[in-house]
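*Asks:* Provided herewith is a single structure, encoded as structure tokens, for subsequent inquiry.
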Amino acid sequence: MAKARIAVLVSGGGTNLQALIDAEKSGKLKSGSICLVISNKKDAFALQRAANAGIEALAITRKSCGGQEGFEKKLIEELDSRDIDLIIMAGFMSILSEDFTRHYDHKIINIHPSLIPSFCGKGFYGLLVHEAALAKGVKVTGATVHYVNEIPDGGEIIMQKAVEVKEGDTPEVLQKRVMEEAEWIILPAAAEKICAEIIGGK
Ligand code: GAR
């Protein structure tokens, strides 16, 4: 049966991209295939991970497109010319406009490293999320996969997994535990669930 065509948007190290690549290899992600990786940073290690896996990878920066509007126009061109069914934001550190998210209604998902609605929205990304969780003194945190709409981290929740905060955690230690125990598990699982729905409805 035909698979859903996935594009992954990245900005950095790409460990969540790697989890998706590994899931496709092992067959956990069987209803979708990663066809394209786009980074908004030229030097993102995620681009190397894509190349190592033989996946087409592009670096498209806002600067090279003359600003946000040109950047989004270029993204749409590249995505639509490849008939992408599902866009996965995996550590993609750029907020997309309402025009963009409307163009792909219920076709974009994102992984966020907290239990939404805690520690999310504008300004909460990467390590800052874990710093905020530790500053608040929460005993449980986690990760969330959600649909992307015009509100940062505000779209419908698809999957969540809780992770324990331990005495003496630093933001780095907590980030690693949240990735290992939650992000790298629920992102491929959510991708499979949605891809199965896409190919079921095609
Ligand atoms: C991940 O923890 C991801 O959840 C987070 O950035 C990290 C990227 O790591 N994303 C956000 O904070 C988005 N608001 P990775 O490049 O190794 O996947």
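The values are calculated or read from the model by the stated rules, or taken from the named source; none is laboratory data. Note that the coordinates shown come from a computational prediction; the quantities given were computed from them, not determined experimentally. Positions of Cβ are backbone-derived with ideal geometry, glycine not excepted, and every protein chain shown enters the neighbour counts. Calculation scope for accessible area: heavy atoms of the full protein, side chains included, ligands and nucleic acids excluded. Shrake-Rupley method; radii C 1.70, N 1.55, O 1.52, S 1.80 Å.
*Asks:* Under a 10 Å cutoff between Cα atoms, tell me which one of 113, 171, 188 has the largest fluctuation in the Gaussian network model of the chain.
*Replies:* Highest fluctuation among the options: 171.
*Asks:* Take the Cα gyration tensor of segment 124-183, multiply each eigenvalue by 5, square-root it, and list the three semi-axes largest first, rounded to whole angstrom.
*Replies:* Over the Cα atoms of segment 124-183, the ellipsoid semi-axes are 21, 12, 9 Å.
*Asks:* Residues of segment 83-99 with backbone nitrogen within less than 14 Å of a virtual label 7 Å along the Cα-to-Cβ line of residue 2, please, listed as ranges.
*Replies:* Only 83-86 pass the distance filter.
*Asks:* Ok, one more. Find which of 104, 129, 148 sits farthest along the positive direction of the dipole of segment 81-149, computed with +1 on the beta-carbon of Lys and Arg, -1 on that of Asp and Glu, about the Cα centre.
*Replies:* 129
*Asks:* Grab every C-alpha pair in segment 74-131, bin the distances at 5 angstrom width from 0 up to the longest one, and report whole percents.
*Replies:* That works out to 4, 15, 26, 23, 14, 10, 6, 1, in percent per bin.
*Asks:* Relative to the Cα centre, what is the charge dipole magnitude of segment 1-119, using +1 at the beta carbon of each Lys and Arg, -1 at the beta carbon of each Asp and Glu, and rounding to the nearest 20 debye?
*Replies:* Its charge dipole is roughly 340 debye.
*Asks:* Hey, could you pull the Cα Rg and Dmax for segment 93-198, both in Å?
*Replies:* Final numbers for Rg and Dmax: 13.9, 44 Å.
*Asks:* Here is a follow-up. Quick one: grab the alpha carbon gyration tensor of segment 21-89, order the square roots of its eigenvalues as a ≥ b ≥ c, and give me rounded if a/c is under 1.5, else prolate or oblate depending on whether a/b is larger than b/c.
*Replies:* Oblate shape, in that a/c is at least 1.5 and b/c is the bigger or equal ratio.
*Asks:* Most mobile of 35, 120, 65 per a Gaussian network model of the chain (Cα springs, under 10 Å)?
*Replies:* 65
*Asks:* Take every Cα pair under 8 Å in the chain that's 6+ residues apart, average their separations, divide by the length, and report that relative contact order as a whole percent.
*Replies:* Worked out over the chain, it gives 23 percent.
*Asks:* Hey, another quick one. What spacing in nm lies between the two simple spin-label points modelled at residue 164 and residue 136, each 7 Å away from Cα in the Cβ direction?
*Replies:* Label at residue 164, label at residue 136, 2.1 nm between them.
*Asks:* With a ≥ b ≥ c the root eigenvalues of the C-alpha gyration tensor of segment 44-147, is it rounded (a/c under 1.5), prolate (a/b larger than b/c) or oblate?
*Replies:* prolate
*Asks:* Report the relative contact order of segment 137-189, percent, no decimals, based on alpha-carbon pairs under 8 angstrom and at least 6 residues apart.
*Replies:* 38 percent
*Asks:* Per the Cauchy relation, a quarter of the hull surface: what is the mean projected area of the convex hull of the alpha carbons in the chain, in nm²?
*Replies:* 10.8 nm²
*Asks:* Can you give me the accessible area per residue for segment 4-46, using a 1.4 Å probe, in Å²?
*Replies:* 38 Å²
*Asks:* Charges at C-beta only: +1 for Lys and Arg, -1 for Asp and Glu. How large is the resulting dipole of the chain about its Cα centre, in Debye rounded to 20?
*Replies:* Charge dipole, the chain, about its Cα centre: 300 debye, nearest 20.
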